[in-house]
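Colleague: Starting off with a structure, shown below.
The values are calculated or read from the model by the stated rules, or taken from the named source; none is laboratory data. These numbers were taken from a predicted model, which means no experiment stands behind them. Cβ sites come from the backbone with ideal geometry, for glycine too, and all protein chains shown count toward neighbours. Accessible surface is based on the protein model in full, side chains and every heavy atom, while ligands, DNA and RNA are left aside. Shrake-Rupley method; radii C 1.70, N 1.55, O 1.52, S 1.80 Å.
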Amino acid sequence: MNKWQEQYKQKLMSAEDAVKLIKPGAYCCAPIGVGEPPALLEAMVDCEGLTDVKVSQMIANQKLRYLDPEYSNRFRHISWFTAGASRAAVQEGRADFVPCFYHEIPMFHRDYWEHDVFFATVSRMDKHGWFSFGAAVSEAHAMMSKSKCVILEVNNHMPRVLGNSMVHISEIDALIENHT
């Protein structure tokens, strides 16, 4: 076992334990579409005492429980486009909308926001300790660069995309596996 595999093993935990790293009042962010970490977002709802959490995401890909009206007193979604699973929440006033141009989103995250937690779905790790943001790379690095805590959801079905889409095991605080 190499040192990267050892770090993987040390940082691997359940989704339930990983969301305990999120504190009440946290500002969280996740990448667009398939970069959305469904197991972490679902576990967040079941985490007792987790309140006043903001989740910033360009477009919520899946209709997950934290978007349900019954959890609006604990979670607030911040949408960059009024499309996808968060549209109803925005229309009903349970979520916020930040109007912007798509190409400006990395700059907004890099230059204007501090994030408490960044979570994302990534490809499996290679032998050198690198994961890929896969098909959700557009704003991922900008979000991650301003985050105090990084939690990754490893999914063997996320394609490995080369280029500026890589994140190293040494840059993360925790990871879970969810191969849906």
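Colleague: Going by the structure shown, is residue 62 under 19 Å from residue 140 (Cα atoms) and either open to solvent by 30 Å² or more (accessible area, probe 1.4 Å) or touching a Lys or Arg at 6+ places or on another chain (Cβ under 8 Å) (or both)? Please lay out each step first, then the result.
Modeller: On the way: under 19 Å from residue 140 (Cα atoms): yes; either open to solvent by 30 Å² or more (accessible area, probe 1.4 Å) or touching a Lys or Arg at 6+ places or on another chain (Cβ under 8 Å) (or both): yes.
Yes.
Colleague: For region 31-42, which positions are open to solvent by less than 10 Å² (accessible area, probe 1.4 Å) and within 21 Å of residue 70 (Cβ to Cβ)?
Modeller: Of all residues in region 31-42, those open to solvent by less than 10 Å² (accessible area, probe 1.4 Å) come to 31, 35-37, 40-41.
Matches in region 31-42: 36, 40, 41.
Colleague: Next question, about the same structure. Give the residue that is farthest from the chain's Cα centre (by Cα), with candidates limited to residues of region 140-164 that are open to solvent by 70 Å² or more (accessible area, probe 1.4 Å) and charged (D, E, K, R).
Modeller: The residue in question is 160.
Colleague: Determine which member of the set 167, 137, 117 is touching a residue at least 40 places away in the same chain (Cβ under 8 Å), closer than 25 Å to residue 21 by Cα and open to solvent by 30 Å² or more (accessible area, probe 1.4 Å).
Modeller: Details: 167 fails: open to solvent by 30 Å² or more (accessible area, probe 1.4 Å); 117 fails: open to solvent by 30 Å² or more (accessible area, probe 1.4 Å).
Testing whether each residue is touching a residue at least 40 places away in the same chain (Cβ under 8 Å), closer than 25 Å to residue 21 by Cα and open to solvent by 30 Å² or more (accessible area, probe 1.4 Å) leaves just 137.
Colleague: Sticking with this structure for a sec: Just for region 9-48: of the residues that are of a type outside the set (A, V, I, L, M) and under 19 Å from residue 134 (Cα atoms), which one is modelled with the lowest pLDDT?
Modeller: Residues of region 9-48 of a type outside the set (A, V, I, L, M): 9-11, 14, 16-17, 20, 23-25, 27-29, 31, 33, 35-38, 42, 46-48.
Pick out the ones that are also under 19 Å from residue 134 (Cα atoms) and you get 29, 31, 33, 35-38.
On the way: 29: 94, 31: 92, 33: 83, 35: 92, 36: 92, 37: 96, 38: 96.
Here the residue is 33.
Colleague: Could you please let me know if residue 122 is hydrophobic (A, V, I, L, M, F, W, C) and buried (at least 17 other Cβ atoms within 10 Å of the Cβ)?
Modeller: Working: hydrophobic (A, V, I, L, M, F, W, C): yes; buried (at least 17 other Cβ atoms within 10 Å of the Cβ): yes.
It is true that residue 122 is hydrophobic (A, V, I, L, M, F, W, C) and buried (at least 17 other Cβ atoms within 10 Å of the Cβ).
Colleague: Restricting to region 79-124, give me the number of residues that are assigned to a strand (DSSP E or B), among the hydrophobic types (A, V, I, L, M, F, W, C) and within 16 Å of the chain's Cα centre (by Cα).
Modeller: Result for region 79-124: 5.
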